[in-house]
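Below is one structure, written out as structure tokens; the observations come after it.
No lab work stands behind these numbers, since they all come straight from the coordinates. Here the structure is a predicted model, which is why all the values come from computation and not from measurement. Using ideal geometry, Cβ is built from the backbone for each residue, glycine included, and neighbour counts are taken over all protein chains shown.
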Amino acid sequence: MQIARADFDDPRLAAFLQAHLDDMEKTSPPESRHALDLSGLQAPHVRMWVGLDDEGIVGTTALAAMTADHEELKSMRTEPRVRGRGVAGQMLAHAIEDARARGVVRISLETGSMEFFEPARRFYARAGFTPCDPFGAYRPDPNSTFMTLELTPG
């Protein structure tokens with residue numbers, strides 16, 4: 001797999017992100033959906049990457065700056081055909097290293113609290129993320145789980 005900065009003109013990216021939003025529509029009530037759409041991911045404070053193989057996009061991840069040293073992990077998704085092959089781990093490691101190299105000291109995330117999101121919560125916990133209070137503009141939500149990771153200088 002090759003990891004590259006997102007090309008927002010690539011129609012495959014729009015389709016991949018729409019599949020992510022469609023998953024959220026089936027699993028989360030509207031007030032608890034916090035996934036960014038294509039235009040939100042193009043904001044100047046967001047850095048996005050795609051994982052590519054011979055068949056196309058297999059993963060995405062993004063970091064949205066909240067402050068100079070605290071960023072939010074966004075748009076983590078793995079193509080269903082390659083789940084279980086380490087794509088998410090590689091994408092997350094890439095985002096973490098990018099953040100660390102830029103002096104970011106904390107990455108936080110919001111994910112669902114429902115059973116559908118249990119694999120994601122386990123994945124993030126294995127990567128060192130720990131539960132935290134809502135951050136940024138988030139408020140307590142029974143449908144959300146908040147997690148954070150302190151980065152050590154690289």
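Here are a few things to note about the model shown:
- Relative contact order of the range 34-74, pairs being alpha-carbon contacts under 8 Å that are 6 or more residues apart, as %: 30
- Estimated FRET transfer efficiency (D133, H45; beta-carbon r; R0 30 Å; 0.05): 0.85
- Sorted by Cβ neighbour density within 10 Å, fewest at the top, the residues S108, S39, S75: S39, S108, S75
- Largest first, the three principal axis extents of the alpha carbons in the range 48-90 are 36, 17, 13 Å in whole numbers.
- At least 20 Å along the helix axis (C-alpha) and Kyte average at least -1.0, DSSP helices within the chain: 11-27, 87-101
- Equivalent ellipsoid semi-axes - Cα gyration tensor, the chain, angstrom: 21, 19, 16
- A Cβ-based charge dipole, computed about the Cα centre of the chain with Lys and Arg at +1 and Asp and Glu at -1, lands at about 340 debye.
- Potential lengthening of the chain between E115 and D54 amounts to 18.7 nm, from the contour at 0.36 nm per residue minus the alpha-carbon distance.
- In the chain, the DSSP-assigned H stretches of four residues or longer account for a calculated mean residue ellipticity at 222 nm of -9000 deg cm²/dmol, using -39500 (n - 2.57) per stretch and the full residue count as denominator.
- Rounded to 5, percent antiparallel among DSSP beta bridges of the range 2-150: 90
- Full-stretch length increase - R81, A101 - with 0.36 nm per residue and alpha-carbon distance subtracted: 4.1 nm
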